[in-house]
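Below you'll find the structure, written out as structure tokens, and then a few comments.
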């Protein structure tokens with residue numbers, strides 16, 4: 001009777017037979033250069049910090065050999081692996097520049113869990129993860145891309161780490177304390193990593209849940225993003241942020257979303273923004289969104305060049321705030337010289353959900369230089385990603401219960417835009433439609449709210465201008481031609497909408513703060529149903545100790 005156990009010699013024969021069979025498959029006989037290119041692509045794809053790229057080693061033995069010898073494939077490290085895993089990857093990455101992703105949280109982050117077994121298990125895993133994160137920073141001279149999510153105490157004891165020598169991209173998320181401990185402010189003048197020279201840094205992105213201050217000195221920086229996380233107290237000292245930008249003369253892209261401290265009175269704000277204008281001569285894209293009492297003041301302190309891609313958004317509390325925001329729009333549009341530099345051929349006007357809490361009623365104007373053939377406005381997001389200009393007014397509910405029954409600032413904003421080259425107009429929402437009717441004199445301005453929309457066949461949403469024989473004319477055509485003499489089409493979408501202004505920053509525990517896997521699953525789960533592989537050809541047994549033990553096989 002044959003034994004139920006397979007001998008080692010039989011296993012070896014099976015492995016040899018399997019490898020010989022695999023070598024005859026087309027997937028194994030791809031040119032070496034092509035397989036190397038695929039491996040390189042896998043090493044650089046977005047989301048590589050999840051260790052999903054390990055699946056590419058499971059194709060066949062030929063792919064495994066190439067992947068094992070590709071230093072670039074092993075150059076992405078995260079906090080989810082244990083110390084042995086980290087050392088194995090560092091060894092296999094040889095001298096390649098590193099991309100490092102990690103989360104490092106306070107030990108009191110899970111105080112709300114109490115002292116039960118689950119809480120102790122989570123704290124134990126968090127302690128191991130935090131230690132790996134700190135050990136990764138010892139490789140600072142090799143790190144080229146660094147993405148960090150860390151609690152506010154993370155920055156207190158990092159002075160001894162080696163300074164960065166080739167860091168080009170830095171993404172920092174400053175997480176607040178969720179226990180009884182007060183959150184510590186971030187000080188760029190003192191805290192790692194800004195206390196070290198950053199001669200090679202080109203891109204800096206910061207998401208704030210805590211307060212930040214201090215001047216960031218990175219003279220070679222090209223990209224600066226500073227955002228306060230939704231629902232948090234994260235903000236940056238306005239004067240320090242402006243002075244930081246003054247130290248970055250090569251900036252090409254600036255994105256600032258609700259970054260400024262706002263808990264000061266009007267007189268103090270005037271003093272804070274009483275400073276010399278910061279000039280950004282090389283900026284190609286400038287995006288700034290904030291509340292009305294700091295919006296106008298901040299923009300007065302920043303000068304941008306002509307032909308800048310401009311995105312501005314203001315949370316306004318009352319009609320006066322809307323007027324102030326429109327005045328700021330006018331100033332920046334004048335600086336960008338949109339009339340001369342960047343013609344608008346497609347204009348989209350819509351109501352959406354926006355504001356700091358991403359629930360306020362908003363009106364958004366967006367124009368781009370693309371013709372309708374590019375179909376950019378019809379994307380899933382509803383607006384062009386390369387818009388020439390984008391202006392948003394978010395109507396925040398004020399303390400005096402002011403009713404936003406119409407779109408304050410609408411006409412003033414529309415008059416600012418260079419409309420002479422507009423060929424296609426997209427109108428989204430009934431409010432916008434009726435406000436445009438009032439703007440061109442077809443409806444009394446005090447009758448905008450509650451007016452019914454046009455009675456049109458269900459499938460009619462696009463109107464040719466001028467109206468072709470046999471087509472239904474749009475009642476706005478005559479009035480709009482006075483504003484847009486080159487108008488060729490009007491598109492209507494009057495169904496109720498809910499659109500979010502900007503990016504939604506998730507604060508969910510599993511997605512926003514902590515990328516630690518569940519207890520008992522500290523590695524990557526792999527689906528191998530589509531590949532038949534033997535135990536000597538692939539890493540098939542991905543158990544709970546795989547990443548903790550660094551079980552990358554050598555064979």
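The values are calculated or read from the model by the stated rules, or taken from the named source; none is laboratory data. Please read these numbers as outputs of a predicted model, since none were measured by experiment. Using ideal geometry, Cβ is built from the backbone for each residue, glycine included, and neighbour counts are taken over all protein chains shown.
Assorted remarks:
- Among the residues making up the stretch 334-357, those that are surrounded by fewer than 18 Cβ atoms within 10 Å (Cβ to Cβ) and either under 21 Å from the mean Cα position of the chain (by Cα) or part of a strand (DSSP E or B) (or both) are 353, 357.
- Filtering the stretch 226-261 to residues that are over 18 Å from residue 292 (Cα atoms), in contact with a strand residue (DSSP E or B) (Cβ under 6 Å, 6 or more places away or on another chain) and in contact (Cβ under 8 Å) with a residue 40 or more places away in the chain leaves 229, 240, 245.
- If the condition is being farther than 21 Å from residue 312 by Cβ and at pLDDT 90 or above, then the stretch 240-284 contributes 240, 243, 247, 249, 250, 274, 276.
- The stretch 278-305 residues that are touching a residue at least 60 places away in the same chain (Cβ under 8 Å) and on the phi > 0 side of the Ramachandran plot, paired with ones that are assigned to a loop (DSSP other than H, G, I, E, B) and surrounded by fewer than 18 Cβ atoms within 10 Å (Cβ to Cβ) (beta carbon under 7 Å, 6 or more apart): none
- Qualifying residue in the stretch 281-303 (condition: within 17 Å of residue 330 (Cα to Cα) and in a loop (DSSP other than H, G, I, E, B)): yes
- Of all residues in the stretch 407-431, those that are under 22 Å from residue 444 (Cβ atoms) and surrounded by fewer than 17 Cβ atoms within 10 Å (Cβ to Cβ) total 3.
- Index of the failed condition, residue 421 passing every other in (1) modelled with pLDDT of 85 or more; (2) not in a loop (DSSP other than H, G, I, E, B): (2)
- Of all residues in the stretch 81-123 being assigned to a strand (DSSP E or B) and at pLDDT below 85, the one that is surrounded by the most Cβ atoms within 10 Å (Cβ to Cβ): 103
- Of the numbered criteria (1) at pLDDT 90 or above; (2) surrounded by fewer than 22 Cβ atoms within 10 Å (Cβ to Cβ); (3) not in a loop (DSSP other than H, G, I, E, B), the one residue 446 fails is (1).
- Of residues in the stretch 58-74 being crowded, with 19+ Cβ neighbours inside 10 Å and within 30 Å of the chain's Cα centre (by Cα), the one nearest to residue 134 (Cα to Cα): 74
- So residue 320, is it more than 18 Å from residue 261 (Cα to Cα), in a helix (DSSP H, G or I) and either out of contact with any helix residue (DSSP H, G or I) (no Cβ under 8 Å at 6 or more places or on another chain) or without any contact (Cβ under 8 Å) to a residue 24 or more places away in the chain (or both): yes
- Considering the stretch 478-494, and only residues there that are in contact with a helix residue (DSSP H, G or I) (Cβ under 9 Å, 6 or more places away or on another chain) and not in a strand (DSSP E or B), the residue that is farthest from residue 457 (Cα to Cα) turns out to be 483.
- Verdict on residue 77 being under 30 Å from residue 140 (Cβ atoms), under 26 Å from the mean Cα position of the chain (by Cα) and modelled with pLDDT of 80 or more: yes
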